[in-house]
Amino acid sequence: MGMREEQFMKEALIEAEKAAAIQEVPIGAVIVMDGEIIARAHNLRETSQNAITHAETLAIQEACKKLGTWRLEGAELYVTLEPCPMCSGAIILSRIEKVVYGARDPKAGCAGTLMNLLEDERFNHQCEVVPDVLADECGGILSRFFKHLRERKKEEKKNRNTRL
């Protein structure tokens, strides 16, 4: 794992922090082309109440708009959590060259955990996959978020019960 991967993953973590700040599941993504960030996004599913507004899909949309093409050949996507099936599909269809992710996702990971859609040779495009970059930091932000969420729900329940 190189300094370059860590540098861009830190940028994706900044995006994840933005999501956490608005009570979104803290997942962030950046897309890099020729060593420069061309798109950045974070999860907005709760804010938008739209199932497809994951960090990766939003970053892909932004990159396509910026470049004026759906073909993101030569692009690298850095994301704090392993892509789900939907995002993996979008990554393949947009021709992203390389995907670097932080934490593995045992429930929905499709870049090596449950399956590996990104390197499946039956598709007309494959991506290089680099897993576990700053995995502890990427997993930690998620763990803290869900711990706070559980504590908040427990507190709300306690408050409801005392009012009855």
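The values are calculated or read from the model by the stated rules, or taken from the named source; none is laboratory data. For clarity, every value in this text was computed on a predicted model and none was experimentally measured. Here Cβ is always computed from backbone atoms with ideal geometry, including for glycine, and neighbour counts include all displayed protein chains. Protein only, heavy atoms only, side chains kept; ligands, DNA and RNA dropped before computing areas. Shrake-Rupley method; radii C 1.70, N 1.55, O 1.52, S 1.80 Å.
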| request: Before rounding to the nearest 500, sum -39500 (n - 2.57) across all DSSP H runs of length at least 4 in the chain and divide by the residue total; then give [θ] at 222 nm in deg cm²/dmol. | output: -14500 deg cm²/dmol
| query | So, in nm, how far is label Asp136 from label Glu36 when the simple model puts each one 7 Å beyond its Cα toward the Cβ? | reply | 3.5
| request: Once you've got the Cα coordinates, tell me which of Lys18/Lys158; Lys65/Lys107; Lys18/Lys98 are over 27 Å apart. | output: Lys18/Lys158; Lys65/Lys107
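Carbon and sulfur atoms: what percent of the 1.4 Å accessible area of the chain do they account for?
Whole-percent figure for carbon plus sulfur exposure: 53.
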| request: With unit charges on the beta carbon (Lys/Arg positive, Asp/Glu negative), name the residue among Phe146, Leu67, Leu81 whose Cα is farthest towards the positive pole of the charge dipole of the chain. | output: Phe146
| task | Between Glu119 and Arg160, take the C-beta separation as r, use R0 = 35 Å, and let me know the FRET efficiency to the nearest 0.05. | result | 0.15
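What is the percent of Cα-Cα separations in segment 30-164 that go past 24 Å?
Details: 3122 of 9045 pairs.
The share of Cα pairs beyond 24 Å in segment 30-164 comes to 35 percent.
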| message | Which of rounded, prolate or oblate describes segment 3-67 when judged by the alpha-carbon gyration tensor and an a/c cut-off of 1.5? | response | oblate
| field | Extension gain from Phe146 to Thr47, taking 0.36 nm per residue of separation minus the Cα-Cα distance | value | 33.9 nm
